[in-house]
Amino acid sequence: MSSQAAGAPALPGIGRSFAVRELRFWLTDYRRTWRGSIYSTVLSPVLYLGAMGLGLGSLIDTRGTASLGGVSYLAFLAPGLLAANAMQTAISCSTYPVLGSVKWLKTYQAAAATPLRPRDIFHGHLLFTLLRLTMNSSIFIVVMAAFGAARSLWVLAALPVAVLTGLAFAAPVEAFAVLQTRDQPFSVLYRFGMIPLFLFSGTFFPVTQLPAWVRPLAYATPLWHGVALCRSLSLGTATIGEALAHVGYLAVLAAVGVAAGNRTYRRRLYV
């Protein structure tokens with residue numbers, strides 16, 4: 001058990017400072033490894049927007065864009081990919097890095113042997129994931145602007161929306177990942193969770209094109225809420241009511257994930 005008693009109350013500000021200490025560990029580690037991910041961070045939006053937004057989009061635009069709201073396929077696709085990219089970043093940061101820290105590298109156990117509580121370790125890694133989400137989403141928006149895919153300055157507000165979308169995935173996935181002893185469940189998560197969401201949550205085509213019985217499932221997914229809000233902001237068509245509904249949905253999922261993570265991290269690290 002950690003040197004801090006399991007039931008001891010935290011002094012004001014102590015938890016936050018300890019979470020920042022865990023964040024500093026992840027930043028130190030990332031400072032040594034960032035070159036391995038920066039290329040894909042930049043190339044991914046360039047390749048997707050170039051191949052699908054411009055290449056495939058040129059074919060779609062010639063057949064009419066009424067089903068896309070009268071905008072080009074590039075303008076329709078780009079903000080959806082922004083939210084989908086946030087989901088992928090969040091899941092990749094919240095699966096193997098967590099399992100590796102608790103099973104192979106034992107860095108979580110080392111941190112738990114200090115005054116850091118399990119929730120500090122959890123929150124510190126969430127903070128690092130938020131920084132990764134902010135960096136990746138910022139780069140994506142810059143690439144969007146370079147391709148001419150942003151129709152409104154409100155696209156800047158899509159940055160915090162993309163980060164919140166990522167957080168709505170990162171928190172519950174971390175809560176799940178820390179309890180795992182093998183990596184096989186991650187394959188199930190990727191194949192039957194992330195990939196179907198990526199394909200059928202409105203990123204590449206309107207959800208209204210799906211069969212009627214499938215649409216409620218798509219509308220219930222957190223990615224659809226992120227895609228819909230990022231798209232309406234990028235196109236300059238967002239309304240206050242719509243924005244509040246999407247943000248509220250994503251915030252509730254993130255809060256549930258954080259609450260679950262506080263419990264699962266404690267269960268795994270206090271033995």
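The values are calculated or read from the model by the stated rules, or taken from the named source; none is laboratory data. The structure displayed is predicted, hence computed values, not measured ones. Please note: Cβ atoms are built from the backbone with ideal geometry, for glycine as well, and neighbour counts cover all protein chains shown. Please note that ligands, DNA and RNA were not included when accessible areas were found on the heavy atoms of the full protein model with its side chains. Shrake-Rupley method; radii C 1.70, N 1.55, O 1.52, S 1.80 Å.
Once the Cα-Cα distance is subtracted from the 0.36 nm per residue extended length, the Val252 to Thr239 segment shows a gain of 2.7 nm.
Does the range 161-271 come out rounded, prolate or oblate by the C-alpha gyration tensor, with a ≥ b ≥ c the root eigenvalues, rounded set by a/c under 1.5 and, if not, prolate when a/b is larger than b/c and oblate if not? Here the range 161-271 falls in the oblate category.
Probing with 1.4 Å while keeping every protein chain in the model, the per residue accessible area of the chain equals 48 Å².
Applying the criteria of a DSSP loop state and at most 13 other Cβ atoms within 10 Å to the trypsin sites (Lys or Arg not before Pro) of the range 135-234 yields Arg182. Note on Leu199 and Leu217: their simple-model spin labels are 1.2 nm apart, each label 7 Å out from Cα toward Cβ. Between Gln209 and Thr181, the modelled label-to-label distance comes to 4.6 nm, taking each label 7 Å out from Cα in the direction of the beta carbon. Taking a ≥ b ≥ c as the square roots of the eigenvalues of the Cα gyration tensor, the range 87-216 is oblate, since a/c reaches 1.5 or more and a/b is not larger than b/c. Per-residue packing, averaged as other Cβ atoms within 10 Å, sorts the ranges 206-216, 96-106 into the order 96-106, 206-216, beginning with the highest. Per residue, the convex hull spanned by the Cα atoms of the chain measures out at 138 cubic angstrom.
Across the accessible surface of the chain, with the other protein chains kept in place and a 1.4 Å probe, carbon and sulfur atoms take up 68 percent. Largest accessible area first, the residues Met144, Met194 order themselves as Met194, Met144 under a 1.4 Å probe with ligands, DNA and RNA left out.
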